[in-house]
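The values are calculated or read from the model by the stated rules, or taken from the named source; none is laboratory data. Computed from a predicted model, the values in this text were never measured in an experiment. Using ideal geometry, Cβ is built from the backbone for each residue, glycine included, and neighbour counts are taken over all protein chains shown. When the accessible area is computed, the model is the full protein with side chains, heavy atoms only, and any ligands, DNA or RNA have been set aside. Shrake-Rupley method; radii C 1.70, N 1.55, O 1.52, S 1.80 Å.
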Amino acid sequence: MAELTLTTFVTLDGVMQAPGGPDEDRSDGFEYGGWAAPYVDEEMGEFVTEVFGRAGAFLLGRKTYEIFAGYWPEHDEPGDPVAGGLNRLHKYVASTTLKEPAWGPATVLDGEHLQSEIVRAKDALDGELQVHGSGQLAQWLLARDLVDEINLLVFPVVLGAGRRLFPTGGLPTAYGLKGSRTTSSGMAVHTYRPTGRASFGTVGS
């Protein structure tokens, strides 16, 4: 049985929207796309390579699937574990509108029965069922306590606007730190596993 893991780029103020390029996602008037680019370094590449090396399949939201589909088939470099994984491993796409995915192998998961479809996909896999980006899907999974592990790549920049990974009204959850590292560009990589509902008290008591 696979574990469901979420890997997300976030700013110091928690924004996850459009890290990769100016036109990646301009919804709600977002003007700061591509904020991750100045901080990409060799150590980050090493971590991402490690993550993709554990993938058994991918679970993606429709927007992220379409962004990836427009890029990775044209950048299928020999020996690149990221391109190789994304182009060859199975992709499950959570969508109520996508009917015939052109970039395969891929299966569209029924939005009305998404949770049971995800559980079924995990049961059929080894390794990790990996979520990358996919902001709305990530929030949906976190709200239902379906994520087994989170990789947060925290970039040293504050934007003050944009979609955040943890929105107001999210599920209060405690996490245990599994691993942490920093890169030469000032990015911090933290891996967390949920440990249950967050508890509350008084400092020093």
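Order the following by accessible area, largest value first: Tyr39, Tyr65. Probe radius 1.4 Å; ligands, DNA and RNA are ignored.
Tyr39, Tyr65
Below 27 Å, Cα to Cα, which lysines can Lys99 reach? Residues fewer than 8 away in the same chain don't count.
Those lysines meeting the cut-off are Lys63, Lys91, Lys122.
What does the charge count near Pro73 come to, summing +1 for each Lys or Arg and -1 for each Asp or Glu among other residues with Cβ under 13 Å from its Cβ?
Result for the neighbourhood of Pro73: -3.
Would you tell me the accessible area of Trp140, worked out with a 1.4 angstrom probe on the heavy atoms of the protein chains, in Å² to the nearest 10?
Around 70 Å² of this residue is reachable by solvent.
Towards the positive end of the charge dipole of region 50-205, with charges on Cβ (+1 Lys, Arg; -1 Asp, Glu), say which of Thr64, Ala121, Pro167 has the farthest Cα.
Value computed over the given set: Pro167.
Phe68 accessible area, nearest 10 Å², 1.4 Å probe?
40 Å²
For region 51-205, give the percent of accessible area contributed by carbon and sulfur heavy atoms, probe 1.4 Å, rounded to a whole number.
The computed percentage sits at 52.
Using θ = phi - 60° and the Karplus curve 6.51 cos²θ - 1.76 cosθ + 1.60, what whole-Hz ³J(HN,Hα) does each residue of region 165-174 get, with Gly and Pro shown as x?
The phi angles translate into 5, 10, x, 4, x, x, 6, x, 9, 8 Hz.
Can you work out the accessible area per residue across the chain, with the rest of the protein chains kept in place, probe 1.4 Å, in square angstrom?
52 Å²
As a test question: what accessible area, to the nearest 10 Å², does Asp123 have when a 1.4 Å probe is rolled over all protein chains in place?
Accessible surface of Asp123 is approximately 90 Å².
Probe radius 1.4 Å, ligands and nucleic acids left out: which of Tyr175, Tyr71, Tyr92 has the largest accessible area, and how do the rest follow?
Tyr71, Tyr175, Tyr92
From the phi angles alone, apply the Karplus equation (6.51, -1.76, 1.60; θ = phi - 60°) to region 93-100 and give each ³J(HN,Hα) in whole Hz, x where the residue is Gly or Pro.
Rounded to whole hertz, the list is 10, 7, 7, 9, 10, 6, 10, 10.
Give the Debye-formula value of log10 I(q)/I(0) at each listed q (0.11, 0.13, 0.17, 0.23 Å⁻¹), with one equal scatterer per alpha carbon of region 1-117, two decimals each.
-0.41, -0.59, -1.03, -1.55
Only bridges whose two residues both fall in the chain count here: according to DSSP, what percent of them are antiparallel, nearest 5?
The answer is about 40 percent antiparallel.
How much mean residue ellipticity at 222 nm does the chain get from its helices, if each DSSP H run of length 4 or more adds -39500 (n - 2.57) and you divide by all residues, to the nearest 500 deg cm²/dmol?
-6500 deg cm²/dmol
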